[in-house]
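A short reminder: the numbers here are calculations on the coordinates, not readings from a lab. The shown structure was predicted, so the numbers you read here are calculated from the model rather than taken from an experiment. Reconstructed Cβ throughout: ideal geometry from the backbone, glycine too, with neighbour counts over all protein chains shown.
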Amino acid sequence: MEKHSMRHLLWTALFLLYCSCGCLAAVVQQLPQKGESALQAYTVATTAESDDKNGEEWKPIRIAVYTKLVEDIMEYCERKKKQDNVFYNDLEEKFEQFGDHCEEENANVMTPQKKDILFKEVLPKAIKLHADRLSVKVKQEEEDLKITNIIDQDYCVDFKIPEEHKTHGIPDVDFMIYVSLSTNSIGRWICSRGGENRPTSALIKFVPEYIEATRQYIRLTAHEIAHGLGFDHKVMETLVMIEPRENDLLSTGGSSSAKKFYMNSSETLEILKKHYNCKKNELKGFYLENEPNERAPPHCERRIAKDELMSAYSDTLGVTGMYYTKLTLAVFHSMPFYSANFNMAEPMSWGKDLNVSYLRVKRIQQRLTIPLCFAKMMTRIPYSALLTVLPLVCA
């Protein structure tokens, strides 16, 4: 691979972590030698458990970030500001769509400070959340990651993935994030898949106005990366992990008339039973929000898992706890190409040990009908009330 592309692959930093379970997890940074590109390899060494997905062939996922487009946009803005027509005219056609990021009075101008926050703080920490918890199967004779079979023919094609990524491949990488900019809302698209249909790259567009080194934004970024890794309707449908359900629960997100789905994997069901203390076989699946489309990928139903990393959150719905719980880990572990480290799961108090046998609400306002597992009856509850017991899919 050419050096100018290699230097734009961003890796996360060195740290040493001691898990709450007592296992030692060391993150090892392989420093570049003299004359090599500034790639920082990111690996995690953990104690294997007695599981068929914890053999020596399973290695912590290595995620890299391609930053060159953002740097090129900033170069274009600088040339435009200086009215350097020689270079500016050459770049005009390619970067005209990013003109709003050049205007200093525009809230979405991409500054060097915001670039550093995104690439040196936000993305490394968001990537670390996944690299600590997910492993992929690595062949003995490892091949470089080639970004082929582009499945998104709109956004990913327009991004113009470097040809050397398609032909020569990218060494020491399992998943590539291509970074672009947007002026309205953050978006993500899976660009390519590899063996067993595992996603191998994704495009994520960031809104400069909202880039900040906060826990909330780092978790939001990890949320979007998770969609790229496979928390995606098409991926889960291909793996027969989801199935349609009757629209018997008005979602807190999306349209009430939209088609709904639930996850039916055994791993997810087992985690649900333990979390909500459902001792019998009442559970049929795990509700998902949103009819699948490019702007509304699947999310955990908010009433069932409000504080989950993969719950839906927005300006209107508010911010959740954004915890990387066993529920999200179970979703990834259900996929043949991921092994999840459940020892790294974060606890979630929302709905813990509540077996949906009754409801408690703070006030009665707008009403809607929701089925209950244990009562086997239709109970009317307020839409806007805070639910302390959660509706699950009943058998």
- Note on the structure: Taking a straight Cα-to-Cα line shorter than 20 Å from Lys274, and setting aside same-chain lysines fewer than 8 residues away, one finds Lys284, Lys306, Lys326, Lys352
- Query: Are any of the pairs Lys53/Lys205; Lys125/Lys205; Lys160/Lys234 more than 25 Å apart by Cα-Cα distance, and if so, which?
  - Reply: Lys53/Lys205
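Please work out the Cα convex hull volume for the stretch 137-217 and give it in Å³ per residue. Please list the in-between numbers first.
Details: hull volume 10.1 nm³, N = 81.
Cα convex hull per residue, to the nearest whole number: 125 Å³.
Where does the charge balance sit around His299 when Lys and Arg score +1, Asp and Glu -1, over other residues with C-beta under 10 Å from its C-beta? Present the calculation step by step, with values, prior to reporting the outcome.
Working: positive: Arg302; negative: Glu289, Glu301, Glu308.
Once positives and negatives cancel, what remains is -2.
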- Compute the distribution of all C-alpha to C-alpha distances in the stretch 55-201, in bins of 5 Å from 0, and list the percent of pairs in each, rounded to whole numbers. 2, 8, 16, 18, 18, 15, 10, 6, 4, 2, 1, 0
